[in-house]
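**Q** Here it is: the structure, laid out below.
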Amino acid sequence: MCAPEVQITISLARNAPEAAMKLVRYAALYLLAALVAVLFADGVRTSAAPPASNFVLVAHCGAGDYSKAPAAYIQPRRDALAVAIRQGYKILAAGGASLDAVETTIRSMEDSGLFDAGRGAYYTRAGVPEMDAAIMDGQTLAAGSVACLQHIANPIHLARLVMEKTPHVMLVGAGAEEFAKSQGIELVSPFYFYNEQLWLRYKLAKSAEQKKSGALKLDSNDEHGTVGVVALDQQGNLAAGTSTGGTVLKMPGRVGDSPIIGAGTYANNESCGVSATGTGEFFMRNIVAADICERVRYLHISVEQAANDVVMKELMDQKGDGGVIALDRQGNVTTPFNTTGMMTGTVHLDGNISLKGWSKTAEPIIVSASQ
């Protein structure tokens with residue numbers, strides 16, 4: 001019979017391996033849990049996703065000189081901008097996609113006939129409006145654009161169909177309109193776009209041009225009306241879109257920056273979304289929209305600083321006129337412009353639409369998105 005001390009020693013010897021294995025298992029589980037926590041935290045920091053309830057929509061209706069415009073000109077356009085933003089707000093508030101909000105808001109402005117887009121598009125030198133539009137998905141980088149349209153009531157809708165129904169990014173002219181017909185879109189007569197005030201302006205500009213010699217100077221400071229929207233939805237996805245009729249008395253076939261992905265329209269969840277307005281040639285040469293987004297992404301500066309550096313410094317150094325609306329994934333909005341005005345409207349989760357920009361000194365007007 002073994003002594004008590006011997007029995008204890010034998011028992012400890014038998015239990016030692018089992019205890020050691022338990023310690024090893026606990027340590028492994030602890031290390032695995034720590035690794036998962038670190039990876040999760042790093043993923044959160046990398047994606048920088050906003051809270052699920054956050055959403056923002058910002059829209060513009062063109063940069064230019066509003067200083068001589070009477071209240072009778074500004075008020076209906078301000079009202080039409082608010083009406084359009086309300087439609088986009090409803091989509092975002094219900095949890096809808098930023099792409100849907102962008103398209104719906106722009107379609108409303110195209111239909112109003114009050115802006116240089118859709119029904120209110122300016123006349124070319126040939127006396128027929130030609131329209132351009134683009135839309136981009138910041139989540140997938142999918143994009144669609146159209147240009148030189150003469151018979152499409154809502155160019156932004158056709159741009160989205162190009163993105164979703166074709167392997168291409170851009171369709172122009174007759175080919176774009178043939179595609180529209182294949183998608184069930186009815187082509188409209190050029191008379192659909194007739195606007196007595198714009199026609200008179202075209203005739204006066206045409207007469208003035210005929211009395212001059214040399215090339216027609218590109219100057220859009222007394223023009224405004226290009227429309228654009230950038231939206232952030234509750235899922236944290238950005239989208240941007242722009243629609244325009246271009247400049248007064250432009251050459252037939254001229255395409256500006258609005259439908260050029262990276263110049264007048266761009267969106268990327270990794271940085272921001274941008275829609276531009278102004279003299280498109282400068283925005284194309286400087287790939288303004290993409291430049292702003294890439295500064296945010298690679299230089300790690302704020303969207304406000306990036307947009308200001310491009311619009312208020314680089315463009316102005318080249319005498320390029322215009323502005324942008326820009327929105328990042330955290331919901332930060334900036335709307336710099338180097339003209340005397342650029343009318344914009346912004347709405348957040350609280351449902352208050354802030355309208356501003358018809359002059360640099362005008363106080364914002366706040367209206368409800370729920371009216």
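Taken together, the values in this text are just the output of simple stated rules run on the coordinates, not laboratory data. Quick caveat: nothing in here was measured; it's all calculated off a predicted structure. Cβ: placed from backbone, ideal geometry, glycine included. Neighbour counts: every protein chain shown.
**Q** Checking the cross-link filter: which aspartates and glutamates have an alpha carbon closer than 12 Å to that of K360, excluding same-chain neighbours under 8 positions apart?
**A** D65
**Q** Would you calculate the separation in nanometres between label points at S67 and K360, each defined as 7 Å from the Cα along the Cα-to-beta-carbon direction?
**A** Taking the two extended label points, one gets 0.9 nm.
**Q** In addition: Once phi is turned into ³J(HN,Hα) by the Karplus curve 6.51 cos²θ - 1.76 cosθ + 1.60 with θ = phi - 60°, what whole-Hz value does each residue of the range 273-285 show in order, with x for glycine and proline?
**A** Once rounded to whole Hz, the list reads x, 9, 10, 10, 8, x, 6, x, 4, 5, 5, 6, 4.
**Q** Here is a follow-up. So for D350, D111, D328, fewest C-beta neighbours within 10 Å to most, what's the order? Show your work: numbers first, answer last.
**A** On the way: D350 8, D111 17, D328 26.
By the 10 Å Cβ count, ascending, the order reads D350, D111, D328.
**Q** Still on this structure, I have one more. Take peptides 189-197, 226-234 and line them up by average Cβ neighbours within 10 Å, highest first, as a rough protection proxy.
**A** Details: 189-197: 12.2, 226-234: 31.1.
Top of the packing list down: 226-234, 189-197.
**Q** Another question about this same structure. Give the residue list of trypsin sites (Lys or Arg not before Pro) in the range 68-113 that are DSSP loop and have at most 14 other beta-carbon atoms within 10 angstrom. The partial results should precede the final answer.
**A** Details: sites: K68, R77, R78, R86, K90, R107; in loops: K68.
Answer by residue number: K68.
**Q** Let me ask something additional. Taking a cut-off of 20 Å between Cα atoms, list the lysines near K250, but don't count ones fewer than 8 places away on the same chain.
**A** Correct list for K250: K203, K206, K211, K212, K217, K319.
**Q** List the aspartates and glutamates whose alpha-carbon lies under 13 Å from that of K68, not counting same-chain residues fewer than 8 positions away?
**A** D222, E223
**Q** Provide the per-residue ³J(HN,Hα) series for the range 140-149, in order, calculated from phi with Karplus coefficients 6.51, -1.76, 1.60 and θ = phi - 60°, each as a whole number of Hz, with x at glycine and proline positions.
**A** 10, 6, 5, 8, x, 8, 9, 8, 6, 8
**Q** Then there is this: For the range 56-368, what's the relative contact order in percent, using C-alpha pairs closer than 8 Å and at least 6 residues apart? Please list the in-between numbers first.
**A** Working: 821 pairs, mean separation 75.4, N = 313.
Taking the mean separation of contacting Cα pairs over the length of the range 56-368, I get 24 percent.
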